[in-house]
Ligand SMILES: NC(=O)c1ccc[n+]([C@@H]2O[C@H](COP(=O)([O-])OP(=O)(O)OC[C@H]3O[C@@H](n4cnc5c(N)ncnc54)[C@H](OP(=O)(O)O)[C@@H]3O)[C@@H](O)[C@H]2O)c1
């Protein structure tokens, strides 16, 4: 993998659309796909020539890094459906394992001490490398805090594979953020909703690297 690895964003809702928009602002080409090809085509039209809309299977085949910006339960469905195409790829998992609760808020849908990152890693297609990233900020902050000055805002990430750290960090930079690694995937819970390094957890805000380092 190199810093010019091809990126695909699958799922073009609040988070996927924002991630794709940020890549375009960062001058990084992006392949986009969703359940309906038409949705991807409409977004590609908005984003301009650096964006290419295609079907999900094609997007996965044509990219080296796949951002699965879909709900937690859908991630493992996509692992099953596209298990062959995903082999050996870098998979970015921004998912938070939550669902609406009866009080108008959100509740965790997996065990208190479990993380989406570790559960998804246990179902990973052969040779694929999972990275927990792009899920530490809400969609509004992801859109508003990109390319912040004078100091960039942070996106935390976790992965077990140190050989892809520089590729992941470049990806995060091209999205307009500073990458800060929290550790292996066993640290994912810290960067998922309710975690101590999440905007909707103990951290409670967008931070710069200087602040982020004090919290690690
Ligand atoms: N929203 C946030 O602030 C935020 C922040 C951090 C992390 N996240 C995480 O990011 C993920 C996405 O959240 P979101 O808010 O962006 O959700 P969303 O707005 O509901 O978007 C989900 C997208 O996934 C698409 N999709 C569903 N099944 C698919 C499939 N089988 N193949 C391809 N695309 C599929 C949906 O397409 P349709 O429109 O056709 O259903 C929709 O465009 C979740 O795991 C969430 O926890 C969200």
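The values are calculated or read from the model by the stated rules, or taken from the named source; none is laboratory data. Keep in mind the model is a prediction, meaning the values are calculated, not measured. Here the Cβ positions follow ideal geometry from the backbone for every residue, glycine too, while neighbour counts run over all protein chains shown.
Residue-level analysis places residue 91 outside the set of residues that are within 12 Å of the ligand (Cβ to nearest atom), surrounded by 15 or more Cβ atoms within 10 Å (Cβ to Cβ), outside any loop (DSSP other than H, G, I, E, B) and at pLDDT 95 or above.
Scanning region 79-88 for residues that are farther than 20 Å from residue 158 by Cβ and in a helix (DSSP H, G or I), which turns out nearest to the ligand (Cβ to nearest atom)? That would be 81.
All but one of (1) under 20 Å from residue 12 (Cβ atoms); (2) buried (at least 18 other Cβ atoms within 10 Å of the Cβ) hold for residue 140; state the number of the condition that does not hold. Unmet for residue 140, out of (1) under 20 Å from residue 12 (Cβ atoms); (2) buried (at least 18 other Cβ atoms within 10 Å of the Cβ): (2). Taking the criterion of being surrounded by fewer than 19 Cβ atoms within 10 Å (Cβ to Cβ) and in contact with a strand residue (DSSP E or B) (Cβ under 8 Å, 6 or more places away or on another chain), the only residue of region 109-123 that qualifies is 109.
Among the residues of region 44-78, those identified as under 20 Å from residue 139 (Cα atoms) and either near the ligand (Cβ under 10 Å from one of its atoms) or assigned to a loop (DSSP other than H, G, I, E, B) (or both) are 67, 68, 69, 70, 71, 72, 73, 74, 75. Would you say residue 25 is in contact (Cβ under 8 Å) with a residue 12 or more places away in the chain and under 26 Å from residue 185 (Cα atoms)? No, not satisfied. The residues in region 185-216 that are touching a strand residue (DSSP E or B) at 6+ places or on another chain (Cβ under 6 Å), crowded, with 21+ Cβ neighbours inside 10 Å, in a loop (DSSP other than H, G, I, E, B) and in contact (Cβ under 8 Å) with a residue 60 or more places away in the chain can be counted, and the count is 1.
Would you point out which residue out of 24, 60 is buried (at least 16 other Cβ atoms within 10 Å of the Cβ) and under 19 Å from residue 91 (Cα atoms)? Walk me through it before giving the result.
On the way: 24 fails: under 19 Å from residue 91 (Cα atoms).
From the options 24, 60, the qualifying one is 60.
Is there a residue in region 30-51 that is at pLDDT 95 or above, under 18 Å from residue 169 (Cα atoms), touching a helix residue (DSSP H, G or I) at 6+ places or on another chain (Cβ under 7 Å) and buried (at least 19 other Cβ atoms within 10 Å of the Cβ)? Yes: region 30-51 contains one or more residues that are at pLDDT 95 or above, under 18 Å from residue 169 (Cα atoms), touching a helix residue (DSSP H, G or I) at 6+ places or on another chain (Cβ under 7 Å) and buried (at least 19 other Cβ atoms within 10 Å of the Cβ).
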